[in-house]
Amino acid sequence: MVGIVFVEDDTSFKGRLRKHLRNPPMRTVFLIVVLIFAIPVAIAYPKVSNVAQQNWSDVQQARDRHFVKVTAASWIYPFLKRQAIRMQEADVPAEWLSVRFTNGACLPEHMAQLPGGKYAYAIESACGLLDEIQVKYALECAQTSASNIPGEAVIELQIVLDRLKIAFSDANLVQPVTDDQGQIRD
């Protein structure tokens with residue numbers, strides 16, 4: 001008859017493996033965890049690394065990409081228009097004095113980038129007029145409780161906007177906005 005063999009006394013491979021798996025040392029636990037994580041990583045790594053490499057090259061190209069040479073007129077005009085409308089509708093002093101028209105978009109360096117002709121003249125004169133209007137009505141519009149914009153200031157700002165609109169009417173910077181019936185909105 002075969003005697004009872006205790007797990008501690010079993011010297012066969014199967015016995016040692018059973019003993020090892022019932023009370024595994026930290027080295028075995030670590031190896032099992034590494035295998036559990038290594039298999040999915042080994043399967044997914046080639047695809048993920050290719051995608052990451054492609055995305056990184058796209059980011060690098062985007063950093064180096066030079067789009068169509070954008071002239072200063074194409075971004076200064078919408079900026080000035082937006083600021084003049086903001087000044088017309090100002091409720092607080094921060095909206096009236098949010099931009100100084102002697103620097104920022106109206107810097108001489110930006111004015112030097114403008115193509116000669118009516119666009120440059122319209123932008124330069126608009127910067128000057130907007131600065132004059134801003135300074136002229138600063139006291140009325142700089143109260144902390146509310147901006148009391150005089151009607152004359154709104155009219156002068158509208159004159160500047162109209163001059164800019166006329167000067168840039170043929171610039172084709174953006175497509176005109178249409179409503180549901182196809183009518184061009186202003």
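Computed from the coordinates by the stated procedures, all read-outs in this text should not be read as laboratory data. Predicted, not measured: the structure shown is a model, and the values here were computed from it. Virtual Cβ from ideal backbone geometry, glycine too; neighbours counted across all protein chains shown.
Listing for the model above:
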quantity	calculated
Reciprocal mean inverse distance between Cα atoms of the stretch 72-167 - Kirkwood radius, Å	13.4 Å
Under 21 Å from residue 165, Cα to Cα: lysines that are on another chain or at least 8 residues apart	81, 118
Over the stretch 13-64, volume per residue of the alpha carbon convex hull, in Å³	90 Å³
The stretch 52-58 - phi-based ³J(HN,Hα) in whole Hz, Karplus 6.51/-1.76/1.60, Gly and Pro as x	4, 5, 5, 5, 5, 5, 5
5 angstrom amide H check on residue 92, placed H, neighbours 5+ away	147
Inter-probe distance in nm under a simple model that places probes 7 Å from Cα toward Cβ, at residue 34 and residue 9	3.6 nm
Under Karplus coefficients 6.51, -1.76 and 1.60, residue-wise ³J(HN,Hα) of the stretch 132-139 in Hz, glycine/proline x	4, 5, 4, 6, 4, 9, 5, 5
From phi via Karplus (6.51, -1.76, 1.60), per-residue ³J(HN,Hα) for the stretch 78-92 in Hz, x at Gly/Pro	x, 5, 5, 4, 4, 5, 5, 5, 4, 5, 4, 9, 4, 10, 10
Order of 11, 28 under a 10 Å beta carbon neighbour criterion, fewest first	11, 28
